[in-house]
Structures are given as C-alpha cells and as structure tokens.
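Novice: Below is a structure I'd like to ask you about.
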Amino acid sequence: MSISASNVAEEKNGTRPSLFRRGAGGEEQLSDMLRPLTAKENDWKIRIYSRLLDVMDLSLIGTLPEKEARSQIRELSARLLNDESATLSMEQRQLVIRTIENEVMGMGPLEPLLADKSVSDILVNGPKQVYVERRGKLEMTEVSFNDDQHLMNIIDRIVSAVGRRIDESSPMVDARLKDGSRVNAVIPPLALDGPMLSIRRFAVELLGMADLVDLGSISQEVADVLLAIVKSRINVLVSGGTGAGKTTMLNILSGFIPETERIVTIEDSAELQLQQPHVVRLETRPSNIEGKGEVTARDLVRNSLRMRPERIIVGEVRGAEALDMLQAMNTGHDGSLTTIHANTPRDALGRVENMVSMTGIQFPSKGLRTQIASAIQVVLQIERHEDGRRRLVSLQEINGMEGDIITMSELFKFERTGMDEDGNVLGSLKATGIIPSFHKQLQAKGIDLPVSVFNTHLG
C-alpha cells in the first residue's frame, strides 16, 4: 500500500499505521545491487536521509511488519529524490534508496558485506577502515562510515536489538545477530581510535566431511577414521587457534552421531547446527546491568548431567567448566565433543589442566592428569595456513600415563613440503604407521576400519 493524500488522512485519523508524518513523491523498483557509494551518491544519501528523518516518525517503526516498513521507507526516499531533482541515474537512485533503507532498518554500509556469502569475517577498525576475510585471507574494502557517530548508531542498533547496551560505563559488548553471526563491539574509552566492531559470520551452507576432503583439509583415510571415532563413542578434543575452523570440524563430526541419541549442546554463542532430531541447545547468559543473572558454561554443563544426555557437546571450553566436562566424559557420557584454543595437542592438554585450576579446587598434578588422560581419547589439531586454507595437521591418541606425564601417539601428521608460485601451501596428511589402541574398541563395536589405513608411513 503506497502513501497518497487519502492515506495521509487515514493516518491522521488513526486508521492506518505509518512511519511518516507526511508523504512525498512516487515509488521506484529497487535493484538488488549492493556496492559502496561514490562521493556524489553519498552526498545525496546524506541529504535525503536527513530530510527523511524530518518527515518520518521513527517511534512507529516497531509497529509495522518489517516488509511494510521497508516499503514505506523506499517509497518516501524515492519521492524525496524526485522533489530534489537529484542528478542521478536510475541505477544510482536505486542504490541510494537501498542504502537509506539499510540505514534505517539494517546495518548501513555493512549490508553489502553481509549479503556477500564469500565473507566470513567483517572487521571494522573505526569509521574509515573496514576489512573482511574471504577464503581465509584479510582484505581492505571500500566500505566506510561517515564518522564515529555513524558507526556508533549501527553498533547501538545491533546491541539494543538483543537487549544489551553499550556506553562509557559498559564499553564492551558481545552479541548475536538474528542470523546467528557473532558480534563484538568495543568503544571509547577502551578503543582509542574510535568504535571497533567485529562480526564472525554464521555459516549458512553446512560443510560435510566430503567437502573437507575436496578442499584438501583432510584425506579420505582420515575421514574414514573420524567417522569410526564418532560412531564408536570416543571422546574428542578439537584444538586450534582463532578462526582455524574448530567449530566447523565440530559441526561435521557431530553429523556422524546417530539420530537415535539424545544430544545436549552448550555454547557461549550458538553456532552449532546439528541436524539430528533429538538435540537440546543451551546457551550461556551474561550478567545484566546490575551484575546479576549470569549463567556460565559450568552451570550449564552441571545442569546437562541431569537431562539424561547420551552425548554432551561443549562449543568451547574456556574456564572452570573443563572440570565438569572431564567428569562427564569419565562417567558414562562417552562420545562427547568439545573444542579448545591451543597451538598443539600437548598445549591443549596443558590448557585443560590450567582451566581446572580455575575452579579453586586443589588437585594433585598426577591425579588431574590421570583424569584428563582417561577422559579424552583423541585430540585433533586444526591450523589455518598462510594460503588461507584450514587443515587438520595432526590426529593424536592419548595412551595413558608414564609417571607424571600424559603419553600421546601421533597417528596422522600433515607433512609440509613447501609453497607453490601462487602462495599455496604444499603437503599432505599422512599416517605415521602407529596402530591406535582404540582400533580394538572399533572392532568390538562392529566398526570395520582396515588396519591398512594407519600403515602409510611418512616419506
């Protein structure tokens, strides 16, 4: 429904909700094209946007369906451009109108990046410097904000939509967009060069194990081993740095869990996309403005044990919940999965040990390491290499204890041989020749995995 003189009369009489206090010219059909504005286009955007705010009742935005609100914004913007006799082509007008629509209803200059499926991360370092990650590599974009206040308006819109606030008294916020993307914002006085915004995109297209093989992240032999590990209910710890692909690996591994099992997932920010029908999803909650109401991952892990889970998946262990996760793995919840930030499998076990110390409970070192060794059976190490590709670089089995030391055996290792002219890392994931002790466990459960999978020695 468009705005006309009779419509305006209806609005005054309260018979039709509208965003606007008065109307202006015709309507244009918008294209789906999204790109940064030129200087001329941006000048017109600022000019029309300013006039739009004068004639638009922002308090009524929430009373209309989003589709209707966007339609009225486009209509009024088009009329204002006509009134101003804007010296723009039809294509330019469409782009300016779309940008104004995004300013009011969306995320402003970031909308083109959010619409680009090849972008995995958006990093805003102040109003004039916006980076994205594509295919594992960072690149500068032409996207920019008018000034610090423009960027702050977008950040405010993001955090207010999830019931949070950001200001000088609370200058740092974690939030989640409607599509599941993770957002972190830091503003002055903590951010010295203006507001900072980081967005980790939520993967819409789910990858499978076959995709990892095609991408060269793992070999087919390792894919067969991982399938057997999950089906035989072996506890797995996925280790790697930030952005290495730990959550992607966790998603893929979880896809091998039978649909008949009850799964409980615990995350700080919901990213896992399990396809099984019997999944209970739990998410931590930060404290409110008064510092109350926080629900930690440890609270959720403890509570999950009362929910009759057959498998527990913790998106990432970061603190004291590591102890409860170990206890769960040691008390009948075999086949549990989790991730941790660490550079090597050995470092991952050391980090688990340090996290348990956060509980304040004093454990003898040997006793704690024995519990770790009996709880976790396999550690997968993921890395992101210089060429932007994410690869499994090590698959290690935990064998047990020798004195005070946890012993491990590397079953598969990425053997790097160099780089080609295009900067691609060369190498392959190969077996080391060690037959894992869990191979007998696989056989006992009727899982047929040939011993030959482990017999290809490193060259």
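The values are calculated or read from the model by the stated rules, or taken from the named source; none is laboratory data. Since the structure is predicted, the reported quantities are computational estimates derived from the model, not experimental observations. Ideal geometry is used to build each Cβ from the backbone, glycine not excepted, and the neighbour counts take in all protein chains shown. The protein model used for the area step is the full one, side chains on, heavy atoms only, and it has no ligands, DNA or RNA in it. Shrake-Rupley method; radii C 1.70, N 1.55, O 1.52, S 1.80 Å.
Novice: So how far, in whole Å, is the C-alpha centre of region 254-300 from the one of region 88-117?
Specialist: Between the Cα centre of region 254-300 and that of region 88-117, the gap is 35 Å.
Novice: Enumerate the residues in region 368-403 having an amide nitrogen under 14 Å from the point lying 7 Å beyond the Cα of ARG416 toward its Cβ.
Specialist: The answer is 382-394.
Novice: Moving on to the next point. I need the P(r) histogram for the chain: all alpha carbon pairs, bin width 10 Å from 0 out to the longest distance, whole percents.
Specialist: 4, 17, 24, 21, 16, 11, 6, 2, 0
Novice: First check a/c for region 348-399, with a ≥ b ≥ c the square roots of the eigenvalues of its C-alpha gyration tensor; if it is under 1.5, answer rounded, and if not, answer prolate when a/b is larger than b/c or oblate otherwise.
Specialist: Because a/c hits 1.5 or more and a/b fails to exceed b/c, region 348-399 counts as oblate.
Novice: Another question, if that's okay. Can you return the lysines within cross-link range of LYS231? Criterion is Cα-Cα under 18 Å, with same-chain partners fewer than 8 residues away left out.
Specialist: LYS440, LYS445
Novice: Counting pairs of alpha carbon atoms under 8 Å apart in space and at least six apart in sequence, what relative contact order in percent does region 229-378 give?
Specialist: Reported relative contact order: 30 percent.
Novice: Check cross-link reach from LYS292 to the lysines: straight Cα distance under 27 Å, and skip same-chain residues fewer than eight apart.
Specialist: Qualifying lysines at Cα under 27 Å: LYS178.
Novice: When 1/r is averaged over all different Cα pairs and the result inverted, which Kirkwood radius in Å belongs to region 322-415?
Specialist: After inverting the pairwise mean of 1/r, the radius is 14.2 Å.
Novice: What is the Cα centroid distance between region 124-202 and region 408-455, reported in whole angstrom?
Specialist: The two parts, judged by their Cα centres, are 41 Å apart.
Novice: As a test of the formula, what do you get for the chain when each DSSP H run with n ≥ 4 contributes -39,500 (n - 2.57) and the sum is divided by the residue count, at 222 nm and rounded to the nearest 500 deg cm²/dmol?
Specialist: -10000 deg cm²/dmol
Novice: What part of the accessible area of region 146-241, given as a whole %, is carbon or sulfur when the probe is 1.4 angstrom?
Specialist: Carbon and sulfur atoms account for 52 percent of the accessible area of region 146-241.
Novice: OK, next. In this model, which of LYS246/LYS413; LYS137/LYS246; LYS67/LYS117; LYS137/LYS413; LYS246/LYS366; LYS117/LYS413 are farther than 20 Å apart at the alpha-carbon?
Specialist: Long pairs (Cα-Cα over 20 Å): LYS67/LYS117; LYS137/LYS413; LYS246/LYS366; LYS117/LYS413.
Novice: Within 10 Å, at most 15 other Cβ atoms, and a DSSP state outside H, G, I, E, B define an exposed site. Report the longest part of the chain free of exposed GluC sites (Glu not before Pro).
Specialist: Longest run free of exposed loop sites: 295-385.
Novice: Placing unit charges on C-beta atoms (Lys and Arg positive, Asp and Glu negative, everything else neutral), compute the dipole magnitude of region 64-199 about its Cα centre in debye, rounded to 20.
Specialist: 480
Novice: Taking region 74-127 as the region of interest, what is the percent of Cα-Cα pairs per 5 angstrom bin, listed from the shortest bin to the one with the maximum distance?
Specialist: Bin by bin from 0 Å, the calculated values are 4, 17, 23, 19, 16, 9, 8, 3, 0.
Novice: Evaluated at 20 °C with a viscosity of 1.002 mPa s, what Stokes-Einstein diffusion coefficient in µm²/s does region 133-186 have when Rh comes from the Kirkwood expression over alpha-carbon pairs?
Specialist: Rounded to a whole number, D works out at 169 µm²/s.
Novice: Still on this structure, I have one more. With a ≥ b ≥ c the root eigenvalues of the C-alpha gyration tensor of region 192-342, is it rounded (a/c under 1.5), prolate (a/b larger than b/c) or oblate?
Specialist: Oblate, since a/c reaches 1.5 and b/c is not below a/b.
Novice: Would you mind calculating the relative contact order of the chain from Cα pairs under 8 angstrom and at least 6 residues apart, reporting the percent as a whole number?
Specialist: Rounded, it is 10 percent for the chain.
Novice: Also, quick follow-up: Let me make sure I get this right: for region 222-289, a, b and c are the square roots of the gyration tensor eigenvalues over alpha carbons, sorted descending. Under 1.5 in a/c it's rounded, otherwise prolate if a/b > b/c, else oblate. Which is it?
Specialist: oblate
Novice: What is the spread of the Cα atoms of region 92-204 along each of their three principal axes, largest first, in whole Å?
Specialist: Principal extents (Cα only, largest first): 39, 33, 26 Å.
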